[in-house]
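Structure first, then comments.
The values are calculated or read from the model by the stated rules, or taken from the named source; none is laboratory data. In this text the structure is predicted, and so the values were computed from the model without any measurement. No Cβ is skipped: glycine too gets one built from the backbone with ideal geometry, and neighbour counts run over all protein chains shown. Calculation scope for accessible area: heavy atoms of the full protein, side chains included, ligands and nucleic acids excluded. Shrake-Rupley method; radii C 1.70, N 1.55, O 1.52, S 1.80 Å.
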Amino acid sequence: MTGSLTRGLAQGLARVTGTALGPYQTAVLRIGLSFTWVCFLLREWPHRYELYGPGSPWGWDLARRLTDDNHAFTALMWSDSPVWFEAVYLVALVSAALLLLGWHTRAMAVLSMTGVLALQNRSILVGDGGDNVIHLMALYLVLVRCGQVWSLDARRAARRARAGTTTPEPGGVLLWAGCGAALAAAQLVTDTRLAWTEHGPLPGLGWATVLWGLWLVHALWWLVCRYAPGEPRTVLDSLANLAHNATLLVIMAEVCLIYATAGWYKIQGSRWQDGTAVYYPMHIDYFAPWPGLSHALVGSGVLVMLMSYGTVISQTAFPFTLLNRRAKNVLLVVMMAEHAGIAVLLGLPFFSLAMIVADAVFLPTSFLLRLGALAGRARDRLRPARPAAVPAPREEPAPDGSLVGGGGPAT
């Protein structure tokens, strides 16, 4: 009994340190959250000054007083210059787009996280609930190896493996040097809120320690890949896999916690208990992009009751369905359909998209592989047809021993 337990623990430890679990699920998380954030930033581009910039009703002085009180990290508090605001907004947009594509994923995850925190912590009253999900997941994406598949990094790694080269490309070094110079410049600016030992993501760990630590880890990774690809690289891979798997577990627990708390809070509400809760938000003009459709749905008392009770049951039951694969897959479809309905009926597309992406972390790998194959075939159909290459004439030996069709006799 003790021997089998020891072997089981050893196998489990080897699995969590030797493999980054859920590569396709984390890739979907990276692509989906980046896509959601990019779409939000593009949609709000005409209104960016009023939401986060110098023209916001939540002025710079108010935001400064709030961040002094809650110690939230935001680069927009380093300066009230409109030029600085434009630069931060563009960095947030470009880094999210590059993270979506999987270009230098580790660096882009850090830059995208910085952009998310800068904008969301600047104006905390802007958001619909989906911003909280993006906020949390942006922090987690820094620690997961989300570029192993479906990314430009994966394609570049495959190309380098076919070529048999292990030398890192210079583009990553230039990006690393640029980020270090920008971080050093931020440190030299007066009162940048980059504390070393306080006001960070963890008690006693300031944002200066976190950002410089990530920068140094990237440098260590490059040096080991370049000069010590043997045992040191294996050790770093094991540590990266361990951090990835632990963070993936936290992400899954976070999604379960979101649904569990939402469901149990609903149970305590009298409108949810009598089955009429769905009726009221569909009669609020602000949440009625399609009033005719909303009024038609809530015109049936039975349908309102089914939607109200179904929402509570699905949310409270979701964490427990993880114990059964089939039940979990069925409820995932129900939850995603529910969020799609919220996007259409209540006009909350970014909240719904963020939650659907978070749900995708529980999708089975076989389904994601089929989805990826379908996307690949669709991409191939959209590409312009390339002319087929004309094969070179095959060289065949002539009776006298020379080669014909190949450019002359052999000598």
Sketch the reach of a paramagnetic label on Ala262 as a point 7 Å from Cα along Cα-to-Cβ, and name the residues of region 272-304 whose backbone nitrogen lies under 15 Å away.
278
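Over the chain, with every protein chain in place, what whole percent of the accessible area is carbon and sulfur at 1.4 Å, could you tell me? Kindly include the intermediate steps, with their values, before the conclusion.
Numbers: 15670 of 23070 Å².
For the chain, the apolar C and S fraction of the accessible surface comes to 68 percent.
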Any idea how far the Cα center of region 128-157 sits from the one of region 243-319, in Å?
26
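Peptides 346-354, 108-116: what's the order by average Cβ count within 10 Å, highest mean first? All intermediate terms of the calculation are to be shown ahead of the outcome.
Working: 346-354: 21.2, 108-116: 24.4.
Per-residue Cβ counts within 10 Å, averaged per peptide and sorted highest first, yield 108-116, 346-354.
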In Å², and per residue, what accessible area does region 27-91 have when probed at 1.4 Å with the other protein chains present?
48
Taking Cα pairs under 8 Å and at least six residues apart, what relative contact order does region 161-294 come out at, in percent?
13
With Cα Rg over 2.2 N^0.38 Å as the read-out, I listed [x] 1.22; [y] 0.98; [z] 1.05; which label goes with the value calculated from this structure?
[x]
Dimensions in Å of region 20-173 - Rg and Dmax from alpha carbons
17.1, 57
Distance-filtered residues of region 332-373 - backbone nitrogen under 16 Å, label point 7 angstrom along Trp290 Cα→Cβ
337-350, 352-353
If Ser270, Ser294, Ser300 are ordered by their accessible area, calculated over protein heavy atoms with a 1.4 Å probe, which sequence runs from highest to lowest?
Ser270, Ser300, Ser294
Along Cα→Cβ, 7 Å out, is where each label goes; now give me the distance between the ones at Val217 and Asn132 in nm to one decimal.
2.7
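Thr165 to Ala246: extension gain in nm, 0.36 nm per residue of separation minus the Cα-Cα distance?
Details: separation 81, 0.36 × 81 = 29.16 nm, distance 3.11 nm.
Net length gain for the segment: 26.1 nm.
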Residue-count net charge about Leu141 - beta-carbon cut-off 15 Å; Lys, Arg +1, Asp, Glu -1
+1
Which distance in nm do the two modelled labels at Arg226 and Arg156 give, with both placed 7 Å along the Cα-to-Cβ direction?
1.5
The chain: calculated mean residue ellipticity at 222 nm from DSSP helix runs of at least 4, using -39500 (n - 2.57)
-22000 deg cm²/dmol
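Relative contact order of the chain, please, whole-number percent, based on alpha carbon pairs below 8 angstrom and at least 6 residues apart.
On the way: 428 pairs, mean separation 76.2, N = 411.
Relative CO of the chain lands at 19 percent.
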Please work out whether region 119-184 counts as rounded, prolate or oblate from its C-alpha gyration tensor, where a ≥ b ≥ c are the square roots of the eigenvalues and a/c under 1.5 means rounded, while otherwise a/b larger than b/c means prolate and anything else oblate?
oblate
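Mean projection of the alpha-carbon convex hull of region 277-370 over all orientations, in nm²?
Numbers: hull surface 26.9 nm².
For region 277-370, the mean projected area of the Cα convex hull comes to 6.7 nm².
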Could you state the accessible area per residue of region 239-317 in Å², with a 1.4 Å probe and every protein chain left in place?
56
R0 of 35 Å, Cβ-Cβ distance Asp80-Phe320: FRET efficiency to nearest 0.05
0.10
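Any chance you could run the full-extension gain for Arg379 through Leu202? It's 0.36 nm times the residue separation minus the Cα-Cα distance, nm to one decimal.
Full extension of this stretch gives 59.4 nm more.
Can you work out the accessible area per residue across region 123-178, with the rest of the protein chains kept in place, probe 1.4 Å, in square angstrom?
On the way: 3010 Å² over 56 residues.
That works out to 54 Å² per residue.
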